[in-house]
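Colleague: Attaching a single structure in structure tokens format; questions to follow.
The values are calculated or read from the model by the stated rules, or taken from the named source; none is laboratory data. The model shown is predicted, which means the values in this text are computed figures rather than measured ones. Backbone-built Cβ (ideal geometry, glycine too); neighbour counts: all protein chains shown. Calculation scope for accessible area: heavy atoms of the full protein, side chains included, ligands and nucleic acids excluded. Shrake-Rupley method; radii C 1.70, N 1.55, O 1.52, S 1.80 Å.
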Amino acid sequence: MRPWNAFTAVEAEVRAVVAGPRWAELPEPARAYRIASHALVTADGDRWLFAAHARWHLHDPAGGRWHPAPPPRDLPARRAGHAAAALPSDLIPRGPDFAAEPGSTQAFVGPDVPDRLCAGIRELLRANCGKAEPEYPLTAFDEIFAADVPGTVAAVWGTIMWCAYAPAFDGNERLLTAFGEFLRRPLPGDEWVRWLPAPPLTDLVRLVAERQRAGHPRAALRLTALIADTAQILLSDARFRPRALALLTMTEPTLQRPGLDDHLLDDQAVLRAWLARCPPRLARALLPDTDPDAHLAHTVYDLLEALAFTPDPPRAAAAHLADLSDSRGLLPARLDHRLRRAYDDLHRAGLTSTSAAEHTQPDGFPVRPGPLPGAGPDRPRAGEPPSGDDAYEGSADRGRVAAVLGAAYAVGLAWSRVSGARVPERGFAGAAALVRRLIHERDDKPPINH
């Protein structure tokens, strides 16, 4: 039996309250009171709330903001009420946000994309790559594909990349090689990893809206169906599932009622219609397009959570945040005070913007290959001496490293969207260092979320 833990207990209590039948009927002050009454304080004075999006939030004593941040579950904590009136409204759970699909933060390096998924995508491509380019012009993703490639191929590609939590792929990944004959130029990256951009939803919408503007609603409907078919195939992999679900809910009404969007000719009008159809429980999947600042905060949360096995997750996370280009000094103000302290230490040592400076900052934790069959999860492989860092409760297995790699790359992409900073073609320094630990062994187990 696990020992009692204050964070785990409060989390269970708040989930039960929010899931209750009366929650949606309560006025906001009453909901704020219920959430505030579950505040926890650790011995260092940090104040924590389990609140919106079913995530923990840390109070920053300097500015009074609440930052999404996973708690230190190994530390004792006590109940300490907080003034309900002082809670911002976006901290109060609405209810559906607690039902969000968790997905996985793993990159596509290490655990492969399942064979069945790859086969489904290849079948879609074979059935649609021969469409006439004038009928389906390449109005988006033209920096990826050759000029004579039809928009049907771009629709499949764009759906995959938009749905991917962190589109960093093994350079030999079968899902990517299916598109090889259509590419304009080699994909960004190196022989190990393709560090791919995360397209905005507008790029997918543009393929559809352009056909509607051109007076070809049936072609627009076929593209919408192709996007939905691709999303349906992607549901089998947790690294795609949350956004694939969101995309299906946005496109299915049009497929069920052909002509529903025919009057929408502007890209933004179609985008607004799609976003309006997404249910609140899937809203977090849309944050890259609806609230890039909040999306950045949630990817930082994911990174800290992926690094929970390290002795000091904020310090390990700061090593990855230090890779981000921040010439205007905008990043520290977006971090909670624990992360800010760790980041400032690196900044004073001249170790920030490491990717921009093209040198590698250590990734912050030891990595060794996963155990052989029969070995315990935290024991060395047969014949391997114990690591010099066994205070880490066993070095990170490959699944955990893939989760850190994905979360770190997602943070970099989110920061690029917020700040306009360039995404390095060969990846961010810390993430690239993790790749060198992963790439020499294959691991075809399905992805799991850490």
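Colleague: Write out the trypsin sites (Lys or Arg not before Pro) in region 1-44 meeting two conditions: DSSP loop, and at most 11 other Cβ atoms within 10 Å of their Cβ.
Modeller: Arg22
Colleague: In a shell of Cβ-Cβ distance under 14 Å around Val149, excluding Val149 itself, what net charge do Lys and Arg (+1) and Asp and Glu (-1) give?
Modeller: Net charge in that neighbourhood comes out at -3.
Colleague: Rounded to the nearest 20 Debye, what is the dipole magnitude of the chain about its Cα centre when Lys and Arg each give +1 and Asp and Glu each give -1 at the C-beta?
Modeller: I would put it at about 800 debye.
Colleague: Counting helices only, and only those DSSP H runs with n ≥ 4, report the 222 nm mean residue ellipticity of the chain as the sum of -39,500 (n - 2.57) divided by its residues, in deg cm²/dmol to the nearest 500.
Modeller: -13000 deg cm²/dmol, from helical runs alone.
Colleague: Roughly speaking, what is the stretch gain from Arg65 to Asp291, that is 0.36 nm per residue apart minus the C-alpha to C-alpha distance, in nm to one decimal?
Modeller: 79.6 nm
Colleague: Quick check: the distance between the Cα centres of region 323-355 and region 402-417, to the nearest angstrom?
Modeller: Cα centres, region 323-355 to region 402-417: 16 Å.
Colleague: With label points built 7 Å along Cα→Cβ from the Cα atoms of Arg426 and His263, find their separation and express it in nm.
Modeller: 5.5
Colleague: Sort 84-96, 144-156 by packing, meaning the average of other beta carbons within 10 Å per residue, with the highest value first.
Modeller: Answer by packing, highest mean first, reads 144-156, 84-96.
Colleague: Round to the nearest 10 and give me the degree value, 0 to 90, for the angle of helix 292-306's Cα axis relative to the longest principal axis of the chain.
Modeller: 60
Colleague: Length gain on complete extension for the stretch Leu255 to Ser327, per 0.36 nm per residue less the alpha carbon to alpha carbon distance?
Modeller: Result for the pair: 21.3 nm of gain on full extension.
Colleague: Next question, about the same structure. Along the charge dipole of the chain, which of Thr352, Ala32, Gln106 sits closest to the positive end, that is, farthest toward it, with unit charges on the beta carbon of Lys, Arg, Asp and Glu (+1, +1, -1, -1)?
Modeller: Ala32
Colleague: Then there is this: Report the one residue of Ala407, Ala317, Asn5 whose Cα lies farthest in the direction of the positive end of the charge dipole of the chain (charges on C-beta: Lys and Arg +1, Asp and Glu -1; origin at the Cα centre).
Modeller: Asn5
Colleague: Between Glu133 and Ser37, what length in nm is gained on full extension when 0.36 nm per residue of separation is reduced by their alpha carbon distance?
Modeller: Extra length from Glu133 to Ser37 when fully extended: 28.5 nm.
Colleague: How do 171-181, 246-256 rank on mean C-beta neighbours within 10 Å, highest first?
Modeller: Descending mean neighbour count gives 246-256, 171-181.
Colleague: For Thr254, what is the net charge nearby, where nearby means another residue's Cβ is under 14 Å from its Cβ and Lys, Arg count +1, Asp, Glu -1?
Modeller: For residues surrounding Thr254, the net value is +2.
Colleague: Over region 55-197, calculate the relative contact order: mean separation of alpha carbon pairs under 8 Å at least 6 apart, over the residue count, as a percent.
Modeller: Value for region 55-197: 20 percent.
Colleague: Under a Cβ-Cβ cut-off of 10 Å, what is the net charge of the residues other than Ala62 that fall near it, where Lys and Arg count +1 and Asp and Glu count -1?
Modeller: Here the charged neighbours net out to 0.
Colleague: What relative contact order, as a whole-number percentage, does the chain give when Cα pairs under 8 Å and 6 or more residues apart are counted?
Modeller: It comes to 18 percent, rounded to a whole number.
Colleague: While we're on this one: Determine how large the accessible area of His59 is when every protein chain is in place; take a 1.4 Å probe and give Å² rounded to the nearest 10.
Modeller: Surface accessible to solvent at His59 totals approximately 50 Å².
Colleague: For the pair Asn172 and Ala12, how long in nm is the line joining their label points, each one 7 Å along Cα→Cβ?
Modeller: Computed distance between label sites Asn172 and Ala12 equals 4.6 nm.
Colleague: Under 5 Å between amide hydrogens, which residues at least 5 positions from Ala77 or on another chain qualify, with H placed 1.01 Å from N in the peptide plane?
Modeller: Here Ala6 satisfy the definition.
Colleague: In whole angstrom, note down how far apart the Cα centers of region 231-246 and region 54-117 are.
Modeller: Cα centres, region 231-246 to region 54-117: 21 Å.
Colleague: Skip the ligands, DNA and RNA, and give the accessible area per residue of the chain with a 1.4 Å probe, whole Å².
Modeller: Averaged over the residues of the chain, the accessible area is 44 Å².
Colleague: Moving on to the next point. Val401 accessible area, nearest 10 Å², 1.4 Å probe?
Modeller: 0
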